[in-house]
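Taking it in order: structure first as structure tokens, then the write-up.
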Amino acid sequence: MKLWLAVLIASASCAALKLAGFVVPARLLESAVARRILEALPVTLLSALISVSVFATGNHLMLDSRAAGLAVALILVAIRAPFLVVVVAACATAAGVHAL
Amino acid sequence: MSEPPADEHPLTDASRKAAERRIRNRALTIGISVTPFGLSFGAVSVEAHLSVVQVCLLSLVLFSGASQFALVSIIGAGGSYFSAVGTALLLGVRNGLYAARINALLRPSGWRRFVMAEVTIDESTAMALSEAPSGNAARAFWSTALSVYVLWNVSTVIGALVGNALGSPATTGLDVAGPAAFVALLAPRLTTLRMRMVALASGLIALVTVPVVPVGAPILIGGLTAVALLLVFDR
């Protein structure tokens with residue numbers, strides 16, 4: 001039930017954010033501070049998301065097979081490998097290390 | 001623009017056809033390029049115990065890859081719904097900025113605004129802006145939007161159905177599908193040293209808070225603190 005609520009609220013509010021851009025006066029979004037925040041926000045959130053989903057389980061910090069998967073993903077992205085290759089190789093590495 | 005003289009029609013006709021073909025091909029390529037992401041999103045979502053219907057709803061209505069992935073990753077990790085929805089929302093804020101640019105460029109009215117808003121994402125915005133000088137922004141926007149919308153939703157369903165058939169996230173390595181996808185999304189944005197430092201700071205702050213705050217919250221704390229630090233240091 002709560003999961004449904006989360007799905008519905010996230011869907012509706014993210015859709016509303018897109019619509020807001022068509023309604024809110026553009027100059028509000030074009031201010032220097034707003035632009036800097038909007039540029040940095042996806043970067044910081046994605047980075048935090050990566051570090052937490054790799055190095056944490058619940059409230060504990062952990063170093064396990066996921067770190068190996070991340071290392072492979074970083075290397076492959078650095079050499080501009082296609083998206084599918086990055087994800088599959090990272091998963092395969094993590095699964096392999098986990099099985100050891 | 002005035003009407004071109006009659007004898008120039010074949011030429012403009014040919015160049016118009018070439019532009020249409022170029023846009024169609026690029027839109028299709030971009031659509032195909034999101035399908036691996038859609039597949040992994042679907043698979044990760046069912047691992048996070050979302051139903052196939054819920055996964056489809058997210059792709060149909062929320063329709064923004066990074067927000068969708070963040071939502072299900074945090075839920076899957078046992079984080080609070082507040083952190084999950086909050087992170088998805090903050091990642092979705094950039095679509096509002098894109099929408100303002102698209103609005104200024106294409107000036108839609110009435111019901112078109114609603115349809116246009118729904119499909120205003122990274123890909124459609126980038127294509128519209130890149131074709132603006134050639135006067136084909138609207139065509140580029142709609143072609144890319146249609147291509148990505150259809151292929152994203154199709155790949156999401158397939159991913160969810162396949163994910164249902166797979167084993168536990170750790171044994172299949174699916175627990176790094178999300179992080180690997182995020183690395184690929186993040187990399188193109190790390191163009192300056194400043195952005196790299198901010199990303200690093202955010203990741204470290206998030207990790208430091210892991211033992212002391214509720215699950216899921218470190219992402220919001222790391223993300224927002226790093227942005228605040230950036231603003232302070234920029235002054």
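The values are calculated or read from the model by the stated rules, or taken from the named source; none is laboratory data. Computed from a prediction, not measured in an experiment: that's the story for all the values here. Cβ placement follows ideal geometry from the backbone for every residue including glycine, while neighbour counts extend to all protein chains displayed. Just the protein is used for accessible areas: all its heavy atoms, side chains included, with ligands, DNA and RNA removed. Shrake-Rupley method; radii C 1.70, N 1.55, O 1.52, S 1.80 Å.
Points to keep in mind about this one:
- On the stretch given as the stretch B:109-131, residues that are without any contact (Cβ under 8 Å) to a residue 60 or more places away in the chain, charged (D, E, K, R) and more than 17 Å from residue A:23 (Cβ to Cβ) total 1.
- Flag for residue B:156 being in contact with a Phe, Trp or Tyr (Cβ under 9 Å, 6 or more places away or on another chain), modelled with pLDDT of 85 or more and over 26 Å from residue A:100 (Cα atoms): yes
- Meets criteria (at the interface with another protein chain (Cβ under 7 Å from one of its Cβ atoms) and of a type in the set (A, V, I, L, M, F, W, C)) for residue A:23: no
- Test: residue in the stretch A:46-69 that is among the hydroxyl-bearing types (Ser, Thr, Tyr) and closer than 30 Å to residue B:106 by Cα: no
- The one condition in (1) open to solvent by less than 20 Å² (accessible area, probe 1.4 Å); (2) farther than 21 Å from residue B:119 by Cα; (3) touching a residue at least 60 places away in the same chain (Cβ under 8 Å) that residue B:47 fails to fulfil: (1)
- Residues satisfying the stated conditions in the stretch A:22-69, i.e. assigned to a strand (DSSP E or B) and either open to solvent by 20 Å² or more (accessible area, probe 1.4 Å) or touching a Lys or Arg at 6+ places or on another chain (Cβ under 9 Å) (or both): A:57, A:60, A:61
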